[in-house]
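The values are calculated or read from the model by the stated rules, or taken from the named source; none is laboratory data. All values derive from a computational prediction rather than experimental measurement. For neighbour counting, all protein chains shown are included, and Cβ atoms are generated from backbone atoms with ideal geometry for every residue, glycine included.
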Amino acid sequence: MDKIISEGVGKFYQHFPAVATIVTAQAGGKENAMAVAWHAPISPNPPLYAVSISPKRFTYQLIADSKEFGINFLPFEAAELVASVGGSTGSDMDKFKRFNIAKSKPIRTAVPILEAAYAAYECQLVDDRGYGDHRWLVGEIVAVHWLKDVFTPDEVINLDKFSPTLYIGNELYITTSKDTIKSLDRKVYGRG
Ligand SMILES: Cc1cc2nc3c(=O)[nH]c(=O)nc-3n(C[C@H](O)[C@H](O)[C@H](O)COP(=O)(O)O)c2cc1C
């Protein structure tokens, strides 16, 4: 296969699969949810998590006002939910009602947590910085909701129990297969 080298970057962000999540927020009596594929853990101590959100999103306004957000990780069965909240804006509808999204109660913030999530974090905003046409919102994780039973004792996803929702761009969602797991000990491999 020929490797193409180009200066036109194209859809560089589709060159790798991303985990499709749902970011939740509330402010002034309004609650909302949006799909987010651009996000990352930043630090375990203190626990920091960041999401990249366009300031055009209604969700951004809510986070800027309330200084908090939630991030929800969904099993593949709930992928349709990601497409629903990623294809609509909360500026003119209540997505929770329209898509019949079940919520569970937060404990340290007021952000809605999704009942369908196998893991979700409540975050308090500690930084909001512009990079290009998106905002990089860093939150301190102040509460974690997770289904302990779907993880192994080492806190790794147990693929016998469920599989996560990944996004490869162009409205295409995929998931993982436990048949592909490779256990590669970095200490062994790091020796060369
Ligand atoms: C799979 C998927 C991933 C997305 N990832 C992001 C993202 O990382 N950042 C972003 O600003 N928008 C992202 N979007 C777009 C928003 O989810 C979309 O614009 C949504 O309608 C915003 O809703 P709101 O206006 O209610 O906030 C994504 C959409 C989809 C379908």
Query raised in the report: Is it the case that some residue within segment 94-115 is within 16 Å of the ligand (Cβ to nearest atom), touching a residue at least 40 places away in the same chain (Cβ under 8 Å) and part of a helix (DSSP H, G or I)?
Result: yes
Query - Leu81 touching a Lys or Arg at 6+ places or on another chain (Cβ under 7 Å), assigned to a helix (DSSP H, G or I) and surrounded by 13 or more Cβ atoms within 10 Å (Cβ to Cβ) - result: no
Query - Enumeration of residues in segment 40-68 that are surrounded by fewer than 20 Cβ atoms within 10 Å (Cβ to Cβ), assigned to a strand (DSSP E or B) and within 11 Å of the ligand (Cβ to nearest atom) - result: Ala40, Ser52
Requested in this report: Can you confirm whether segment 46-53 contains a residue that is within 23 Å of Arg129 (Cα to Cα) and more than 17 Å from the chain's Cα centre (by Cα)?
Outcome: yes
Requested in this report: Considering only residues that are at pLDDT 95 or above and small (Gly, Ala, Ser), look in segment 1-28 and name the one that is nearest to the ligand (Cβ to nearest atom).
Outcome: Ala20
Query raised in the report: What do you reckon, is Ala27 crowded, with 16+ Cβ neighbours inside 10 Å, out of contact with any strand residue (DSSP E or B) (no Cβ under 8 Å at 6 or more places or on another chain) and more than 17 Å from Leu166 (Cβ to Cβ)?
Result: yes
Query - Of all residues making up segment 2-26, the number that are on the phi > 0 side of the Ramachandran plot and hydrophobic (A, V, I, L, M, F, W, C) - result: 0
Query - Complete set of residues in segment 143-192 that are exposed (fewer than 10 other Cβ atoms within 10 Å of the Cβ), among the hydroxyl-bearing types (Ser, Thr, Tyr) and assigned to a loop (DSSP other than H, G, I, E, B) - result: Ser177, Ser183
**Report entry** Residue that is nearest to the ligand (Cβ to nearest atom) [pool: residues in segment 116-134 that are over 14 Å from Tyr49 (Cβ atoms) and more than 15 Å from the chain's Cα centre (by Cα)]
**Finding:** His134
Query raised in the report: Taking Glu7 and the conditions (1) farther than 23 Å from Gly132 by Cα; (2) acidic (Asp, Glu); (3) surrounded by fewer than 18 Cβ atoms within 10 Å (Cβ to Cβ), which numbered condition does it fall short on, given that it satisfies the others?
Result: (1)
Query raised in the report: What is the number of the single condition among (1) modelled with pLDDT under 95; (2) within 15 Å of the chain's Cα centre (by Cα) that Glu68 does not meet?
Result: (1)
